[in-house]
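Trainee: Take this structure first; my questions come after.
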Amino acid sequence: MLKKIATDKAPAAIGPYSQGIIAGDMLFASGQIPIDPATGEVTGDDITAQAQQVMKNVGEILKEAGTDYTNVVKTTCFLAEMADFAAFNAVYEKYFTEKPARSCVAVKQLPKDVLCEVEVIAYLGE
């Protein structure tokens, strides 16, 4: 049985997808970009500010699913510029203290021309 995750404390899905899906004891969260859910606008104009908003959005989806960053087993991170890697990591490491498995790639362009996007998979079991 699949359960959709939806919270107004993270940006609403802007297409035919869910913020997250629970399948068994796993949460698969859609990629989050630095949109302030209260305004619907992109937050920040540098990688640090945008990464902080992304992490807040990820955290709200994790919370809605009944978990937190410590149960994330895998992240996939997308950067508009690999030159932002060190600054992105400085924000990332404050949230993902358990050091989950991770992929981080630079892409040609992200939605709304943002600088980063993060998706997560979390374990919900005991």
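The values are calculated or read from the model by the stated rules, or taken from the named source; none is laboratory data. None of these values were measured; they are calculated from a predicted model. We place every Cβ from the backbone using ideal geometry, glycine too, and count neighbours over all the protein chains shown. The protein model used for the area step is the full one, side chains on, heavy atoms only, and it has no ligands, DNA or RNA in it. Shrake-Rupley method; radii C 1.70, N 1.55, O 1.52, S 1.80 Å.
Trainee: Can you tell me the length gained on complete extension of the stretch ARG102 to LYS74, counting 0.36 nm per residue apart and subtracting the Cα distance?
Mentor: Extra length from ARG102 to LYS74 when fully extended: 9.5 nm.
Trainee: So which cysteines of the chain have no other cysteine's Cβ under 4.7 Å from theirs?
Mentor: If one checks each Cβ against the other cysteines of the chain, CYS116 turn up with nothing under 4.7 Å.
Trainee: A further question on this structure: Give the angle, between 0 and 90 degrees and rounded to the nearest 10, that separates the Cα long axis of helix 85-95 from the longest principal axis of the Cα atoms of the chain.
Mentor: Result, in degrees: 30.
Trainee: Right, here's the next one. If you stretched the chain out fully between ALA83 and ALA23, how much longer would it get, using 0.36 nm times the residue separation minus the C-alpha to C-alpha distance?
Mentor: Value of the extension gain: 18.0 nm.
Trainee: Taking all protein chains as present, what is the carbon and sulfur share of the accessible area of region 29-110, in % to the nearest whole number, probe 1.4 Å?
Mentor: Answer for region 29-110 is 49 percent, counting heavy atoms of protein chains only.
Trainee: Follow-up. Give me the net charge of PHE88's neighbourhood, meaning all other residues with Cβ under 13 Å from the Cβ of PHE88; Lys, Arg count +1, Asp, Glu -1.
Mentor: -3
Trainee: Let me ask something else. Translational D (Stokes-Einstein, µm²/s) of the chain at 10 °C and 1.306 mPa s when Rh comes from the Kirkwood sum over C-alpha pairs?
Mentor: 110
Trainee: Grab the Cα-Cα distance for ALA49 and LEU124, subtract it from 0.36 nm times how many residues apart they are, and report the gain in nm with one decimal.
Mentor: That pair, ALA49 and LEU124, stretches by 24.1 nm at full extension.
Trainee: Then there is this: Which Cα, out of TYR95, VAL105, ALA65, lies furthest along the positive dipole direction of the chain (beta carbon charges, K/R +1, D/E -1)?
Mentor: Positive-most Cα among the choices belongs to ALA65.
Trainee: A follow-up question, please. Angle check, please: helix 47-64 long axis (alpha carbons) against the longest principal axis of the chain (alpha carbons), in degrees 0 to 90, nearest 10.
Mentor: Relative to the chain, helix 47-64 is tipped by roughly 10 degrees.
Trainee: Now for a separate question. Could you compute the net charge surrounding GLN53? Neighbours are other residues with a C-beta less than 13 Å from the C-beta of GLN53; K and R count +1, D and E count -1.
Mentor: -3
Trainee: Find the accessible area per residue for the chain; the probe is 1.4 Å, ligands and nucleic acids are left out, and the unit is Å².
Mentor: On a per-residue basis, the chain sits at 55 Å².
Trainee: Rounded to the nearest 500 deg cm²/dmol, what is the calculated helix-only ellipticity per residue at 222 nm for the chain, with -39500 (n - 2.57) per DSSP H run of length n ≥ 4?
Mentor: It comes out at -7500 deg cm²/dmol, rounded to the nearest 500.
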